[in-house]
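The values are calculated or read from the model by the stated rules, or taken from the named source; none is laboratory data. Because the structure is a prediction, the values reported are computed rather than measured. No Cβ is skipped: glycine too gets one built from the backbone with ideal geometry, and neighbour counts run over all protein chains shown.
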Amino acid sequence: MADARAAGRVIVLNGGSSSGKTTIARKLQEALDGSWVLVGIDLFIWMVPPRLMHQADGLDIVDGVLTPGEEFTRLYAAFRGAVATLAREGVDVIVDDVTLDAARDQQRWHGALEGLDVCWVGVRCAAETVAAREAARGDRPPGIAQRQATAVHEGVRYDLEVDTDANDLAQCLGAITDAVRSRWSVHSTVASNDLPALPVRSALGADGEIALAPWER
C-alpha cells in the first residue's frame, strides 16, 4: 500500500513583469525548510510550442499588452491542474504567476486548487520602477512591465502584500516567511539581500518570442 501523505502547501506569488516575483520565489526556496517546488508562468511558456506566440489563439503581444487566446487559455487551465496534482501528492509548491485576467484568473486558480491550503501573496512595485528595471534588463519586450504593474492586481484578494520598491529583498522575504511560519509552522532561515543562486530568466525575449530556457543555454 502506498504511503498516504498530507497535501502540500501552496504559495502563490502574483505580480507584474519585473516586480521581483521570481527572485523572491528562488529565495523562498532557500529560506524555507523542506523542498518547495517552483512553477509558474515562465515555466509554462517554455513548455508550449513557440508557434503559439503572436497568434490570436495563443499569446498575442500588442503595445505591451499580453492577451491569451483560446488555446493558450486551455493549456494553462491544464497546467493549473498539474500544479494542483503536485500539491495533492504532498509537494509544497511556490507558484510564480501573472494574473493577466486579474480577479478572473484568481477564481480559476481557486477552482484548480480547491481543498488545498493556499497563501496568496501580492508582489507590488511602482510602474516607473518596473519600467526602469525592464529597460535595464533589456531581455523582455518593452512596455509589458509598466502596463502590468497595477492591472494584474485589480480585484485580486491577498493574504499578504509586499512592495519591492518600498522595501528591500530581505524585508519582503521576512514578511513572507513570517506569514508562512505563522500559518503552517514552517521553519525558515534569516533572509538576506543576496541574489538567488540560480539566475532569474524570463521566458519572453526582447523580441516577444520564447527565449531559450536556462537549461537550453
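With respect to Leu13, is the statement that it is closer than 29 Å to Leu195 by Cα, assigned to a loop (DSSP other than H, G, I, E, B) and in contact with a strand residue (DSSP E or B) (Cβ under 8 Å, 6 or more places away or on another chain) true? Answer is no for this residue. Per the conditions (1) touching a strand residue (DSSP E or B) at 6+ places or on another chain (Cβ under 8 Å); (2) more than 21 Å from Ser202 (Cβ to Cβ), the sole criterion not satisfied by Cys172 is (2).
Taken together, Ala166, Ala179, Ala191 contain a single residue that is under 20 Å from Glu30 (Cα atoms), of a type outside the set (Ser, Thr, Tyr) and modelled with pLDDT of 95 or more, which is Ala179.
Scanning segment 164-191 for residues that are polar (S, T, N, Q) and either outside any loop (DSSP other than H, G, I, E, B) or surrounded by 13 or more Cβ atoms within 10 Å (Cβ to Cβ) (or both) returns Thr164, Asn167, Gln171, Thr177, Ser182, Ser188. Restricting Gly69, Gly81 to residues that are surrounded by fewer than 17 Cβ atoms within 10 Å (Cβ to Cβ) and touching a residue at least 24 places away in the same chain (Cβ under 8 Å) narrows the list to Gly81.
Assessment of segment 196-217 against the conditions (touching a Pro at 6+ places or on another chain (Cβ under 7 Å), loosely packed, with under 15 Cβ neighbours inside 10 Å, at pLDDT below 95 and in a helix (DSSP H, G or I)) yields at least one matching residue. The set of residues from segment 24-50 being farther than 14 Å from Leu204 by Cβ and within 10 Å of the chain's Cα centre (by Cα) comprises Ile24, Ala25, Leu38, Val39.
State all residues of segment 121-152 that are assigned to a helix (DSSP H, G or I), over 15 Å from Val62 (Cβ atoms), touching a strand residue (DSSP E or B) at 6+ places or on another chain (Cβ under 9 Å) and β-branched (Val, Ile, Thr); if no residue qualifies, say none. Thr150 - this is the single residue of segment 121-152 that is assigned to a helix (DSSP H, G or I), over 15 Å from Val62 (Cβ atoms), touching a strand residue (DSSP E or B) at 6+ places or on another chain (Cβ under 9 Å) and β-branched (Val, Ile, Thr).
Exactly one residue out of Arg133, Arg124, Arg137 is over 29 Å from Arg74 (Cβ atoms), crowded, with 19+ Cβ neighbours inside 10 Å and either acidic (Asp, Glu) or in contact (Cβ under 8 Å) with a residue 12 or more places away in the chain (or both), and it is Arg124.
When Asp57 is tested against (1) of a type outside the set (A, V, I, L, M); (2) surrounded by fewer than 17 Cβ atoms within 10 Å (Cβ to Cβ); (3) in contact with a Pro (Cβ under 8 Å, 6 or more places away or on another chain), only condition (3) is not met. Comparison of Thr189, Thr177 shows that the only residue that is closer than 22 Å to Val93 by Cβ and either in contact with a Ser or Thr (Cβ under 6 Å, 6 or more places away or on another chain) or aliphatic (A, V, I, L, M) (or both) is Thr177.
What are the pairs with Cβ atoms under 8 angstrom where one residue, in segment 10-27, is under 16 Å from Glu161 (Cβ atoms) and the other, located anywhere, is of a type in the set (Lys, Arg)? Sequence gap at least six, or different chains. Here the result reads Leu13/Lys21; Asn14/Lys21; Gly15/Lys21; Gly15/Arg124; Gly16/Arg147; Ser19/Arg124, each pair linking segment 10-27 to a residue that is of a type in the set (Lys, Arg).
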